[in-house]
Amino acid sequence: MNRTELADFLRRGRARLGPADVGLAPGTRRRTPGLRREEVAALAGMSVDYYTRLEQRRGPRPSRQMLTALARALRLTDDERDHLFHLVGEEPPRREAASAHVRPGLLLVLDRLYDSPAQVVTDCGTVLAQNALAKALVGDASARPPRERNLTRRFFLDPTARALFPPEDRPAHARDHVANLRAVAAARPDDPEPAALVAELRAGSEEFARLWTAHEVSLRRPAVKRFLHPVVGLLELECEVLLSHGGRNQLVLHTARPGSESHDRLQLLRVVGTQDLGPGTAPLDGARGAAP
């Protein structure tokens, strides 16, 4: 518990609020701006002495219930509430489940990334949006039914999804999918989405069920990934994972090292787009023989 930082945070939070902000009458003239200590205490349902000791760096460790009451009394944002919990050494309350809504600003970023495949996915792996080059690389998720837009479900239940990767890379991809879902399911025990996905995959895939019992845990991280494209051949791409606000949705970006063969093939993919993406399509002459 960081008593000094906690006291400063509480004082500043109190000073920025006026009586009207919390539904109180202005009352008599105030010598200093902000709420009085007794007003915050009343709003939080605690004694004035207890709250005063917190601001004076000598109070006992507040309970989680008391922290929640303080956050409500001081009208803290979600980020500020989490900071309050961290100052006391507590894990913040879990936030809401992933949203299927993609903020306009993130969609604008996606469209600006015209020379790199990029897509927005939930932490559970459901594709929410793609730019044109991502559709050319891995297929148009919006053309599939909503249930078939989840990357983890497709990897284990749709054999065509594995054809995107060299055979020797597929076991690592399988472990990564399971380890990420394990972490998400543990972080959101009351959310039915990850729990339902785990139940479906354990029943439908022996490989998933075996990997699930290994209890590996790992969220998506930057990595090098290889893709087998039916038209341009093998591409080795750097994968970056950027979290959006709240951390539930992620911008997954793939880039190629400038001057590399994969960079040339990625630029070629920009030209050919999504044409002729059937599994039996032969690579173009410039990429022939690239795929193992």
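The values are calculated or read from the model by the stated rules, or taken from the named source; none is laboratory data. Every value quoted in this text rests on a predicted model; they were computed, and no experiment measured them. Please note: Cβ atoms are built from the backbone with ideal geometry, for glycine as well, and neighbour counts cover all protein chains shown. For accessibility, only protein heavy atoms count, side chains too; no ligands or nucleic acids. Shrake-Rupley method; radii C 1.70, N 1.55, O 1.52, S 1.80 Å.
Some values worked out for this structure:
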quantity	calculated
Filter result for E148 (in a loop (DSSP other than H, G, I, E, B) and of a type outside the set (S, T, N, Q))	no
Candidates R144, R175, filtered to the one that is in contact (Cβ under 8 Å) with a residue 12 or more places away in the chain and either under 24 Å from R265 (Cα atoms) or not aliphatic (A, V, I, L, M) (or both)	R175
Qualifying residue in the range 178-193 (condition: closer than 20 Å to G139 by Cβ and either under 23 Å from the mean Cα position of the chain (by Cα) or at pLDDT 95 or above (or both))	no
Tally of residues being open to solvent by 20 Å² or more (accessible area, probe 1.4 Å) and among the hydroxyl-bearing types (S, T, Y) across the range 205-243	2
The one condition in (1) open to solvent by 30 Å² or more (accessible area, probe 1.4 Å); (2) not in a helix (DSSP H, G or I); (3) not basic (K, R) that H177 fails to fulfil	(2)
Of all residues making up the range 57-72, the number that are outside any loop (DSSP other than H, G, I, E, B) and open to solvent by less than 50 Å² (accessible area, probe 1.4 Å)	5
Test for A42: is it at pLDDT 85 or above, open to solvent by 20 Å² or more (accessible area, probe 1.4 Å) and not polar (S, T, N, Q)	yes
Check on V120, among the hydrophobic types (A, V, I, L, M, F, W, C), touching a residue at least 24 places away in the same chain (Cβ under 8 Å) and in contact with a Lys or Arg (Cβ under 6 Å, 6 or more places away or on another chain)	no
Any chance F227 is at pLDDT 95 or above, among the hydrophobic types (A, V, I, L, M, F, W, C), in contact with a strand residue (DSSP E or B) (Cβ under 9 Å, 6 or more places away or on another chain) and under 25 Å from T160 (Cβ atoms)	yes
Residue that is modelled with the lowest pLDDT, among those in the range 81-102 that are more than 17 Å from the chain's Cα centre (by Cα) and open to solvent by 40 Å² or more (accessible area, probe 1.4 Å)	E91
Filter result for L157 (in contact (Cβ under 8 Å) with a residue 12 or more places away in the chain, open to solvent by 30 Å² or more (accessible area, probe 1.4 Å), closer than 18 Å to L242 by Cβ and in contact with a Gly (Cβ under 7 Å, 6 or more places away or on another chain))	no
Complete set of residues in the range 184-201 that are touching a residue at least 60 places away in the same chain (Cβ under 8 Å), part of a helix (DSSP H, G or I) and not hydrophobic (A, V, I, L, M, F, W, C)	E193, P194
Test: residue in the range 103-122 that is more than 15 Å from Q250 (Cα to Cα), surrounded by 17 or more Cβ atoms within 10 Å (Cβ to Cβ) and small (G, A, S)	yes
The range 211-236: number of residues that are among the charged types (D, E, K, R) and in a loop (DSSP other than H, G, I, E, B)	3
Flag for F85 being among the aromatic types (F, W, Y) and under 21 Å from R248 (Cα atoms)	yes
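A quick yes/no check of all residues on (1) hydroxyl-bearing (S, T, Y); (2) in contact with an Asp or Glu (Cβ under 9 Å, 6 or more places away or on another chain); (3) under 17 Å from R170 (Cα atoms); (4) touching a residue at least 24 places away in the same chain (Cβ under 8 Å):
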| site | (1), (2), (3), (4) |
| --- | --- |
| A203 | no, no, no, no |
| E207 | no, no, yes, yes |
| W212 | no, no, yes, yes |
| L219 | no, yes, no, yes |
| R226 | no, yes, yes, yes |
| H229 | no, no, yes, yes |
| L242 | no, no, no, no |
| H254 | no, yes, no, yes |
